[in-house]
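Have a look at the structure below before the remarks.
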């Protein structure tokens with residue numbers, strides 16, 4: 001009945017028994033339920049991880065937390081996770097709609113056009129910087145920006161900001177390790193631009209005035225150029241994707257501090273990627289960090305989980321609600 005909260009039928013039975021008979025120890029609970037003591041101890045470990053029981057200072061006895069507190073707290077966490085996942089589903093649906101619409105209308109000039117190669121993209125960005133009226137949104141992927149790219153981008157953004165254009169940019173978390181990019185983001189912030197970071201981003205993207213969007217022809221090879229999309233449905237979907245990521249991202253000026261479970265956003269995303277079957281190399285590409293950094297991060301997580309192997313670390317991370 002309570003499997004949604006991480007409790008099996010066996011764990012629930014032990015918890016109910018502890019509520020009914022708070023005077024019983026492990027042996028007493030085993031006799032009361034007619035099960036081996038080892039089965040009771042295993043259930044107590046799970047209940048302790050879920051904060052449904054409290055151990056005394058000596059660790060010799062335990063008492064059950066009142067269900068009004070313990071179970072309601074677990075349910076609230078599940079509800080919060082469901083809400084986050086629902087937002088992710090909605091953003092993914094919007095992105096799928098955008099991709100499908102872009103594919104159907106790609107050959108129609110009114111829907112958009114292709115920009116072949118980086119030079120064509122840069123020339124178009126210069127035009128957009130001078131013509132933008134109200135807003136510019138962007139995803140910037142990778143480990144860091146080249147000095148000439150930042151210089152060119154800075155000049156264009158300065159032109160737009162002086163005209164009152166609102167600029168919001170999302171970088172990957174890996175950009176925090178690049179001093180030049182960090183300094184550039186701070187300089188842009190002093191001019192009025194806003195920047196945040198997220199562990200992963202789906203692709204490079206620029207949206208201007210909520211009317212047109214530039215997305216790569218091939219997300220794995222930006223040098224091939226970009227598609228300029230104008231379909232209202234496509235642009236609305238990409239805006240929804242941007243806003244969903246922006247809502248969960250961290251302002252660039254803030255330190256990448258751990259959450260209540262001691263995990264940074266990058267560590268949590270790494271666990272999610274590995275749990276989904278990504279290799280170290282694939283996870284490194286998506287996080288825009290080196291394979292060695294992924295391995296160092298995973299070693300640290302394994303030690304913190306007191307696990308002897310990656311498999312055991314995955315089990316412990318799941319049990320603790322880290323993934």
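Go through the stretch 162-175 and give me each residue that's surrounded by fewer than 19 Cβ atoms within 10 Å (Cβ to Cβ) and either touching a helix residue (DSSP H, G or I) at 6+ places or on another chain (Cβ under 6 Å) or modelled with pLDDT under 85 (or both).
Hits for the stretch 162-175 are 162, 163.
Every listed requirement among (1) within 42 Å of the chain's Cα centre (by Cα); (2) surrounded by 12 or more Cβ atoms within 10 Å (Cβ to Cβ); (3) outside any helix (DSSP H, G or I) is met by residue 24 save one, (1).
Here is the figure for the stretch 189-238: residues that are in a helix (DSSP H, G or I) and surrounded by fewer than 18 Cβ atoms within 10 Å (Cβ to Cβ) total 9.
Residue count for the stretch 276-323 satisfying the condition of being part of a loop (DSSP other than H, G, I, E, B) and over 22 Å from residue 46 (Cβ atoms): 7.
Figure legend. Inter-residue proximity from the stretch 95-124: first residues assigned to a loop (DSSP other than H, G, I, E, B), second residues surrounded by 17 or more Cβ atoms within 10 Å (Cβ to Cβ) and modelled with pLDDT under 60, beta-carbon distance below 7 Å, spacing 6+ or different chains. Indicated pairs: 111/105.
Total residues in the stretch 298-313 satisfying the condition of being buried (at least 19 other Cβ atoms within 10 Å of the Cβ) and within 19 Å of the chain's Cα centre (by Cα): the figure is 1. Would it be correct to say that residue 39 is without any contact (Cβ under 8 Å) to a residue 24 or more places away in the chain, assigned to a helix (DSSP H, G or I) and either in contact with a strand residue (DSSP E or B) (Cβ under 7 Å, 6 or more places away or on another chain) or farther than 30 Å from residue 237 by Cα (or both)? It is false that residue 39 is without any contact (Cβ under 8 Å) to a residue 24 or more places away in the chain, assigned to a helix (DSSP H, G or I) and either in contact with a strand residue (DSSP E or B) (Cβ under 7 Å, 6 or more places away or on another chain) or farther than 30 Å from residue 237 by Cα (or both). Annotation: residue 178 fulfils all but one of (1) surrounded by 15 or more Cβ atoms within 10 Å (Cβ to Cβ); (2) free of Cβ contacts under 8 Å to residues at least 40 places away in the same chain; (3) under 19 Å from residue 132 (Cα atoms); the unmet one is (3). Give just the number: which of (1) touching a residue at least 60 places away in the same chain (Cβ under 8 Å); (2) out of contact with any strand residue (DSSP E or B) (no Cβ under 8 Å at 6 or more places or on another chain) does residue 227 not satisfy? Tallying (1) touching a residue at least 60 places away in the same chain (Cβ under 8 Å); (2) out of contact with any strand residue (DSSP E or B) (no Cβ under 8 Å at 6 or more places or on another chain), residue 227 fails exactly one: (2).
Annotation note: of 307, 313, 288, the sole residue that is at pLDDT below 80, outside the structural domain of residue 199 (by TED's automatic domain parsing) and in contact with a strand residue (DSSP E or B) (Cβ under 9 Å, 6 or more places away or on another chain) is 288. Taking residue 140, is it surrounded by 20 or more Cβ atoms within 10 Å (Cβ to Cβ), in contact with a strand residue (DSSP E or B) (Cβ under 8 Å, 6 or more places away or on another chain), within 23 Å of residue 293 (Cα to Cα) and modelled with pLDDT under 85? Considered against the rule, which asks whether it is surrounded by 20 or more Cβ atoms within 10 Å (Cβ to Cβ), in contact with a strand residue (DSSP E or B) (Cβ under 8 Å, 6 or more places away or on another chain), within 23 Å of residue 293 (Cα to Cα) and modelled with pLDDT under 85, residue 140 comes out as no. Being at pLDDT 85 or above and either more than 30 Å from residue 322 (Cα to Cα) or out of contact with any strand residue (DSSP E or B) (no Cβ under 6 Å at 6 or more places or on another chain) (or both) is true for just one of 134, 61, 57. Which residue is that? When all the criteria are applied, what remains is 134.
The values are calculated or read from the model by the stated rules, or taken from the named source; none is laboratory data. This is a predicted model, so every value here is computed, not measured. Quick reminder, even Gly has a Cβ in these numbers, built from the backbone with ideal geometry, and neighbours come from all protein chains shown.
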